[in-house]
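Only the coordinates and a few stated rules stand behind these numbers; no lab work does. Predicted model, so just to flag it, every value in this text is computed and none were measured. So basically every Cβ, Gly included, is an ideal-geometry build from the backbone, and we count neighbours across all protein chains shown.
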Amino acid sequence: MRLLIQRVNRASVSVEGTLISKTGKGLLVFLGVGHNDTEAQADYLARKTVNLRIFGDDEGKMNLSVKDIGGEILLISQFTLYADTKKGNRPCFSDSAPPEKAKALYEYFGKSLNELGVPTKLGKFGALMEIDLLNFGPATFFLERE
């Protein structure tokens, strides 16, 4: 599993011009699922995500997690995180999990984040989505669990 995490002041997702989810201060998380990914990996990354100390404390040091600040998460599926761009000019996505598996792990990951105490909203799996965000920092982090 691969996650691209951005600290945001707000984020929203629309499909075909209709707003489907929005959050306030917290994290925008893009999730890519690979062929060999498991629920155990999702559990590990969910714990890591909600406890990752990337928000500033009173002294401006990154000592607080999204859970500590009472933030929210907007979770977006993004199979392109598994793009292989080493050969040619057209990305290859053969390392991405098939849609059925990816959707199940995406939904499982979102449920895990909620169960860990951080309100989590989802995009629409497999849809062409428009993401609107206000970065905070900017601060972007890449997590992977193989």
(Q) Can you give the local net charge around Asp84? Use residues other than it whose beta-carbon is closer than 12 angstrom to its beta-carbon, Lys and Arg +1, Asp and Glu -1. (A) +2
Q.
To test your reading of the geometry: what angle, between 0 and 90 degrees and rounded to tens, separates the Cα axis of helix 39-51 from the longest principal axis of the chain?
A. 30 degrees
Q | Rough spin-label spacing in nm, given labels placed 7 Å along Cα→Cβ, for Ala127 and Thr38 | A | 3.3 nm
Q: Mind checking which of Phe125, Gly88, Thr18 is farthest towards the positive end of the chain's charge dipole, using Cβ charges of +1 (Lys, Arg) and -1 (Asp, Glu) about the Cα centre?
A: Gly88
Q. Is region 1-75 rounded, prolate or oblate when judged by the Cα gyration tensor, a ≥ b ≥ c being the square roots of its eigenvalues, rounded requiring a/c under 1.5 and prolate requiring a/b larger than b/c?
A. oblate
Q) Counting pairs of alpha carbon atoms under 8 Å apart in space and at least six apart in sequence, what relative contact order in percent does region 9-92 give? A) 32 percent
Q: Taking the Cβ of Val66 as the centre, find all other residues whose Cβ is under 11 Å away and add up their charges (Lys, Arg: +1; Asp, Glu: -1).
A: +2
Q | Local electrostatic count, Phe141, Cβ distance below 14 Å [Lys/Arg +1, Asp/Glu -1] | A | +4
Q) With the contact rule set at Cα under 8 Å and sequence spacing of 6 or more, what percent relative contact order holds for region 68-138? A) 40 percent
**Q.** Length-normalised contact order of the chain in % [C-alpha pairs under 8 Å, at least 6 apart]
**A.** 39 percent
(Q) Is there a quick way to get the dipole size of the chain? I mean about its Cα centre, with the Cβ of Lys and Arg at +1 and of Asp and Glu at -1; what is the value in debye to the nearest 20? (A) 180 debye
Q. When the Karplus curve 6.51 cos²θ - 1.76 cosθ + 1.60 is applied with θ = phi - 60°, which whole-Hz ³J(HN,Hα) does each residue of region 68-75 get, with x for Gly and Pro?
A. 4, 8, x, x, 10, 10, 10, 9
**Q.** 0 to 90° range, to nearest 10: angle between helix 99-115 axis and the chain longest Cα axis
**A.** 10 degrees
Q. What 222 nm value per residue comes from the helices of the chain, counting each DSSP H run with n ≥ 4 as -39,500 (n - 2.57) and dividing by all residues, nearest 500 deg cm²/dmol?
A. -6500 deg cm²/dmol
